[in-house]
1. Could you list all residues from region 133-182 that are in a helix (DSSP H, G or I) and among the small types (G, A, S)?
2. Answer yes or no as to whether V421 is touching a strand residue (DSSP E or B) at 6+ places or on another chain (Cβ under 7 Å), of a type in the set (V, I, T) and more than 19 Å from V294 (Cα to Cα).
3. Counting only residues that are exposed (fewer than 15 other Cβ atoms within 10 Å of the Cβ) and more than 27 Å from T115 (Cα to Cα), which one in region 173-207 is farthest from the chain's Cα centre (by Cα)?
4. Could you please tell me which pairs satisfy a Cβ distance under 8 Å, a separation of 6+ or placement on different chains, a first residue in region 168-197 that is in contact (Cβ under 8 Å) with a residue 60 or more places away in the chain, and a second residue that is among the hydroxyl-bearing types (S, T, Y)?
5. Would you mind telling me which numbered condition in (1) out of contact with any Lys or Arg (no Cβ under 9 Å at 6 or more places or on another chain); (2) in contact (Cβ under 8 Å) with a residue 40 or more places away in the chain R91 fails?
6. So which helices (runs of 4 or more DSSP H) stay within region 1-59 end to end and still have 3 or more residues that are at pLDDT 90 or above and touching a Gly at 6+ places or on another chain (Cβ under 8 Å)?
7. For residues that are buried (at least 24 other Cβ atoms within 10 Å of the Cβ) and touching a Pro at 6+ places or on another chain (Cβ under 6 Å), scanning just region 124-159, find the one that is modelled with the lowest pLDDT.
Amino acid sequence: MTVGTGLREAIFGALQRRAFYGWTILAVAGLGIFASGPGQSHTFSVFVGPIGRELGLSKTAIASAYGLATLAAAFLLPKMGRLVDRHGSRRMMLVVALLLGVACVLFGAASGLITLAVGFALLRFFGQGSLMMNCATLVAQWFSRRRGFAMGLMALGFATSMAVHPPLGQYLINQLGWRWAWVVLGLMTWVILLPPVLLLVYDKPEDKGLAPDGEAAPADGAPVAAIDGLTLRQALATPTFYLVAAGWFGMAMLVTTLHFYQVSILTAQGLAAATAARVFPVSALVMVLAMPLVGRMFDRVRTRYVFAAGLLVQAGALVGVTLVANTASAIAYAAWFGLNNAFSMTMFGYLMPRFFGRKHLGSLQGTGQMVAVVGASLGPLPVGLAFDLLGSPTLTLRLLALYPLACAVFAALWLRTPAGVTHPSHLE
């Protein structure tokens with residue numbers, strides 16, 4: 001046993017004696033979600049203006065670079081999912097964290113539209129795509145009966161990122177310029193994430209003789225319950241996959257649009273840029289308060305109804321942002337958007353294991369995350385075009401609200417667990 005392995009085992013033993021080790025895994029995953037901030041749209045939101053001014057790029061050009069690069073990165077995520085199934089979340093999280101830091105530094109060196117697009121692709125693939133997928137997969141392996149609640153707690157990392165990264169990015173831009181701001185963000189990623197992943201993460205409870213949720217492990221000599229679940233190919237043959245994918249596509253697409261253009265939308269409607277940036281923490285606070293409740297809903301209420309409710313909240317956010325006219329209405333919108341984020345972040349890691357099981361979760365999450373990132377890549381473009389061609393995104397945002405509304409109806413009526421997957425009857 002190496003010194004490093006001995007230290008890990010000693011830490012595991014000390015923490016497991018105090019509480020189910022899944023809570024430690026959950027804390028690291030939440031930290032990972034926070035550390036994905038440099039690859040998230042709410043961080044980019046404060047950089048759009050400075051980058052456009054220095055590089056002489058319009059909002060449509062930046063949105064196009066962002067969208068096309070994100071789209072290209074999305075198609076690598078199923079491969080990342082297969083790597084997670086093969087090598088485990090711990091090993092892949094270490095690789096992804098290292099490369100996300102490198103991507104931040106490279107993004108700060110962008111000199112034109114092409115290098116900007118490459119930087120967007122790297123940040124979105126390693127941050128918003130791979131790191132979040134690894135964190136969600138890790139938590140889904142350690143929790144089953146309390147998975148919704150655990151995912152809600154994990155997503156507190158995203159809420160913290162929403163509260164911290166936009167104002168931090170604005171501060172770094174003011175003090176150092178937007179290029180050096182990205183160098184600082186990259187260094188932060190390494191400092192925050194690498195030590196806990198190295199020392200604390202184990203891929204599955206079964207690897208340490210435990211069971212999900214801290215349930216009693218089998219007695220010595222008793223067979224360990226098999227981990228069940230559909231393969232990706234089997235999942236793709238079910239209508240359930242496409243209902244989940246359609247809703248998740250829309251959720252990722254439209255949440256990304258609101259994050260990416262929030263400052264631009266609100267300033268176009270008369271708010272100061274600083275005020276527009278400061279409402280992010282309002283969304284983050286509401287998200288923090290709402291996520292445990294949303295998680296409990298997923299654990300206790302029929303999944304199709306909770307999924308539909310989240311999509312209806314999103315439709316309301318798209319209309320609500322167009323009604324902001326002053327600070328008070330901005331705060332009201334930000335609170336509603338925080339609820340929107342509570343739903344989207346909780347369902348992010350919940351839906352695939354809920355409907356398709358844990359056995360092949362990496363490839364399933366990778367494909368689901370690909371669908372989400374494709375949606376995220378397409379979302380900002382219509383609003384960018386509306387700004388440049390129409391002068392206002394209001395009508396476009398209201399029309400986009402029809403998509404989650406339709407998905408909510410389909411989910412409530414027809415979403416069911418596929419045959420062959422174990423599920424709690426009260427969720428069906």
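1. Listed by number, the residues that qualify are A136, A140, G148, A150, G152, G157, A159, S161, A163, G169, A181.
2. Details: touching a strand residue (DSSP E or B) at 6+ places or on another chain (Cβ under 7 Å): yes; of a type in the set (V, I, T): yes; more than 19 Å from V294 (Cα to Cα): yes.
Yes: the conditions hold for V421.
3. Step by step, filter region 173-207, then rank; the result is D207.
4. G169/T43; L185/T43
5. Unmet for R91, out of (1) out of contact with any Lys or Arg (no Cβ under 9 Å at 6 or more places or on another chain); (2) in contact (Cβ under 8 Å) with a residue 40 or more places away in the chain: (2).
6. On the way: elements: 3-18, 22-35, 41-44, 48-55.
Answer list for region 1-59: 22-35.
7. G152
This table checks each residue for (1) surrounded by fewer than 22 Cβ atoms within 10 Å (Cβ to Cβ); (2) touching a strand residue (DSSP E or B) at 6+ places or on another chain (Cβ under 9 Å); (3) on the phi < 0 side of the Ramachandran plot; (4) modelled with pLDDT of 90 or more.
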| site | (1), (2), (3), (4) |
| --- | --- |
| G316 | yes, no, yes, yes |
| L351 | no, no, yes, yes |
| F355 | no, no, yes, yes |
| Q365 | no, no, yes, no |
| A372 | no, no, yes, no |
| G375 | no, no, yes, no |
| T394 | yes, no, yes, yes |
| A412 | yes, no, yes, yes |
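The values are calculated or read from the model by the stated rules, or taken from the named source; none is laboratory data. Please read all numbers here as calculations on a predicted model, not as lab measurements. Virtual Cβ from ideal backbone geometry, glycine too; neighbours counted across all protein chains shown.
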